[in-house]
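> Sharing a structure here in structure tokens format.
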Amino acid sequence: MFEKLSQFLVPIAGKLNNNRYLTVLRDAFMLSFPLTIFGSIFVVLTNLPFLKKFMSAESIASFQSLFGIANSATMGIMSIFVVFGIGYYLSKSYNVEAVFGGAIALVSFLLLTPFVVQPETGEAISGVIPVDRLGAKGMFLGMITAFIAGEIYRTIVQKNITIKMPPGVPPAVAKSFAALIPAVLTLTFFLLVNVLVTAAFDTNLHDVIYKAIQAPLVGLGSGIIPTLIAVFFIQILWFFGLHGQIIINSVMDPIWNTLQVENLTAYTSGQEIPHIISKPFMEIYTVGMGGTGMTLAVVFAILLFMKSKQMKQVAKLGLGPGIFNVNEPIIFGLPIVMNPLIIVPWIISPMIVTLVTYFAMSTGIVPPPTGVTVPWTVPFFINGIMATNSFAGGLMQLVNMAIVFAIWFPFLKVIDRVNVKKEEEEMKKAS
């Protein structure tokens with residue numbers, strides 16, 4: 001059964017993992033990672049729950065106003081970084097000048113963006129960009145535009161439709177002239193698209209894409225059933241030794257990141273957080289408790305209750321990294337990969353924890369993640385508090401750890417008995 005399943009899954013996972021566009025998308029989101037961390041730090045600091053105890057309402061408002069720009073300049077305009085990153089890394093994957101690819105993709109996106117703000121009352125204000133178009137609301141159009149712009153740019157360059165400068169011209173000047181024709185043709189294409197949509201349909205492409213593609217996909221990705229399916233495939237791919245997060249997240253990250261930005265926008269505006277499922281939810285409550293599969297609970301179970309010397313040695317090696325959510329020593333040392341005795345708890349426990357956490361947040365027992373980005377190496381309990389800005393977020397992780405512990409325990413006892421028996425037989429042979 002495992003061999004047949006492996007023959008089916010491994011080729012599919014390999015194609016996803018090596019897909020040019022998914023790899024570019026992953027790298028583009030990682031480009032924005034340090035910037036969103038910076039913004040998230042100040043969101044946490046300006047919204048600490050105990051500020052009201054020693055600061056007046058006016059002081060808190062002033063404090064948030066002064067430092068709120070950190071979020072607005074990072075998470076609030078995240079689409080800009082993603083668009084530039086896609087153009088850059090896509091061009092780089094084709095071995096063409098990457099910086100110009102990123103710049104052309106960004107300008108192409110801006111050409112499709114309306115420079116008009118329509119207040120609820122009064123006349124429209126022209127010459128300004130609505131910030132929401134550069135954040136979550138413009139994410140999908142930005143990604144589509146960046147990929148198309150990158151493909152047009154690299155195709156023109158690879159067909160040598162460029163201006164070639166004579167030898168002796170400084171490299172920076174030569175590269176600029178080489179990018180001139182590809183840039184003009186690519187940007188003209190998107191300008192004409194914008195003119196067509198605006199003149200013929202009296203709308204803008206942002207609204208078309210948001211209503212037709214982004215809103216339905218985000219609605220689907222925020223549901224518990226698609227999330228459980230994603231968790232299932234992450235675990236099953238890891239079981240066969242494939243990095244489930246990289247493969248599945250490359251598909252789901254555009255949706256989860258959009259949900260995260262929408263949550264953060266609502267949170268910083270003092271509104272109710274609209275989504276439970278988001279990128280922080282997936283990271284904090286499935287990975288942020290010892291790594292994929294929440295194996296820190298497994299380490300504790302082995303160290304406290306198992307007798308096998310081999311298992312205890314692996315657990316000791318995995319404890320330090322596991323505290324910081326690195327669990328390769330457990331995955332490959334226990335082992336979890338291709339171990340039929342472990343496949344049931346390995347798959348079931350993250351799915352049950354995801355379901356329990358979703359229920360706790362949907363009923364209001366625990367607040368959902370606010371949308372701040374918490375570094376994945378922050379230890380559990382602390383990262384739960386930071387992600388939700390609530391002590392309940394950390395307590396939820398303790399409950400989840402207990403669930404994982406209970407599910408794994410009988411399976412670990414079976415493995416422990418097998419290993420102890422083998423160790424005793426080896427000792428008898430040695431003596």
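> Averaged over every viewing direction, what's the projected area of the C-alpha convex hull for the chain? Give it in nm², one decimal, please.
Reported value for the Cα convex hull: 28.6 nm².
> If you don't mind, another one. Which residues' amide hydrogens lie under 5 Å from the amide hydrogen of residue 116, considering only partners 5 or more residues apart or on another chain, with H built in the peptide plane?
Excluding prolines and chain starts, which carry no amide H, the hits are 128.
> Related question: For residue 377 paired with residue 51, estimate the spin-label separation in nm (one decimal), with each label point 7 Å from Cα along the Cα-to-Cβ line.
The two pseudo-label positions are separated by 2.8 nm.
> On a full-extension model of 0.36 nm per residue, what is the gain between residue 118 and residue 30, subtracting their alpha-carbon distance, rounded to one decimal in nm?
The residue 118-residue 30 span can extend by a further 28.4 nm.
> Here's another thing I want to ask about it. Determine how large the accessible area of residue 210 is when every protein chain is in place; take a 1.4 Å probe and give Å² rounded to the nearest 10.
Accessible area, nearest 10 Å²: 70 Å².
> Output needed for segment 39-114: three equivalent-ellipsoid semi-axes, defined as square roots of 5 times the C-alpha gyration tensor eigenvalues, in descending order, whole Å.
In descending order, the three semi-axes are 39, 13, 7 Å.
> Restricting the calculation to Cα positions, tell me the Rg (one decimal) and the Dmax (whole number) of segment 261-317 in Å.
Here Rg and the maximum Cα pair distance are 18.0, 54 Å.
> Where the only charges are on Cβ atoms (+1 Lys, Arg; -1 Asp, Glu), what is the dipole of the chain about its Cα centre, to the nearest 20 debye?
1260 debye
> Ok, one more. Within segment 94-141, list the GluC sites (Glu not before Pro) lying in a DSSP loop whose Cβ has at most 16 other Cβ atoms in a 10 Å radius.
Loop-located and lightly packed - 120, 123.
> What area, in nm² and to one decimal, does the C-alpha convex hull of segment 151-244 cast on average over all directions?
Answer in nm², one decimal: 11.1.
> Pop the C-beta distance of residue 95 and residue 246 into the FRET formula with R0 = 30 Å and round what comes out to the nearest 0.05. All intermediate terms of the calculation are to be shown ahead of the outcome.
Numbers: r = 23 Å, r/R0 = 0.77.
Taking R0 as 30 Å, the efficiency between residue 95 and residue 246 is 0.85.
> While we're on this one: Taking every pair of distinct Cα atoms and averaging 1/r, then inverting, what Kirkwood hydrodynamic radius in Å comes out for segment 229-430?
After inverting the mean inverse Cα-Cα distance, the result is 17.4 Å.
> Here's another thing I want to ask about it. With just the Cα atoms of segment 122-163, tell me how far they stretch along each of the three principal axes, in Å, largest first.
Ordered largest first, segment 122-163 gives principal extents of 50, 22, 10 Å.
> Return the tail of the calculated pair distribution for segment 1-223, meaning the percent of Cα-Cα pairs more than 29 Å apart.
Of the Cα pairs, 44 percent sit more than 29 Å apart.
> Tell me, what is the percent relative contact order of segment 1-223, built from C-alpha pairs under 8 Å that lie six or more residues apart?
Numbers: 266 pairs, mean separation 40.2, N = 223.
The normalised contact order for segment 1-223 reaches 18 percent.
> Using a ≥ b ≥ c from the Cα gyration tensor of segment 333-431 (square roots of the eigenvalues), is it rounded, prolate or oblate, where a/c under 1.5 gives rounded and otherwise the larger of a/b and b/c decides, a/b for prolate? Write down the numbers at each step before the final one.
Working: a/c = 3.33, a/b = 2.54, b/c = 1.31.
Note, shape of segment 333-431 comes out prolate.
> If I build a Gaussian network model for the chain, linking alpha-carbon pairs within less than 10 angstrom, which residue out of 366, 116, 24 has the largest mean-square fluctuation?
Residue with maximal mean-square fluctuation among 366, 116, 24: 116.
> State the dimensionless ratio Rg/Rh of segment 240-339 (Rg: radius of gyration of Cα atoms; Rh: Kirkwood radius).
1.12
> Here's something else I'd like to know. Please report the net charge: other residues with Cβ closer than 14 Å to the Cβ of residue 279, K and R +1, D and E -1.
The answer is -2.
> Counting other Cβ atoms within 10 Å of each Cβ, which trypsin sites (Lys or Arg not before Pro) in segment 128-198 have at most 11 and sit in a DSSP loop?
Working: sites: 133, 137, 154, 159, 164, 175; in loops: 159, 164.
Those that pass, being in a loop and sparsely packed, are 159, 164.
> Which GluC sites (Glu not before Pro) does segment 212-283 hold that lie in a coil by DSSP with at most 14 other beta carbons within 10 Å?
Hits after loop and neighbour filter: 272.
> How much length, in nm to one decimal, is gained on full extension between residue 15 and residue 58, taken as 0.36 nm per residue of separation minus their Cα-Cα distance?
Gain in length upon complete extension: 10.0 nm.
> Of all alpha-carbon pairs in segment 78-165, indicate the percentage at a distance above 17 angstrom. Could the numbers behind the result be given before it?
Numbers: 1947 of 3828 pairs.
It works out to 51 percent of all Cα pairs.
> What percentages, rounded to whole numbers, describe P(r) for segment 221-281 computed over all alpha carbon pairs with 5 Å bin width beginning at zero?
4, 19, 25, 20, 14, 10, 6, 2, 1
> Taking Cα atoms, how many degrees apart are the long axis of helix 57-67 and the longest axis of the chain, rounded to 10 and kept between 0 and 90?
It works out to around 70 degrees.
> Where does segment 379-431 land on the Kirkwood hydrodynamic radius, alpha-carbon pairs, in angstrom?
13.6 Å
> Continuing with the same structure: Suppose the chain between residue 356 and residue 427 were pulled fully straight at 0.36 nm per residue; how much longer would it get relative to their current alpha carbon spacing? Let's see the in-between values first.
Details: separation 71, 0.36 × 71 = 25.56 nm, distance 4.44 nm.
The residue 356-residue 427 span can extend by a further 21.1 nm.
The values are calculated or read from the model by the stated rules, or taken from the named source; none is laboratory data. As the structure is a prediction and not an experimental result, all values here were calculated from the model. Quick reminder, even Gly has a Cβ in these numbers, built from the backbone with ideal geometry, and neighbours come from all protein chains shown. Just the protein is used for accessible areas: all its heavy atoms, side chains included, with ligands, DNA and RNA removed. Shrake-Rupley method; radii C 1.70, N 1.55, O 1.52, S 1.80 Å.
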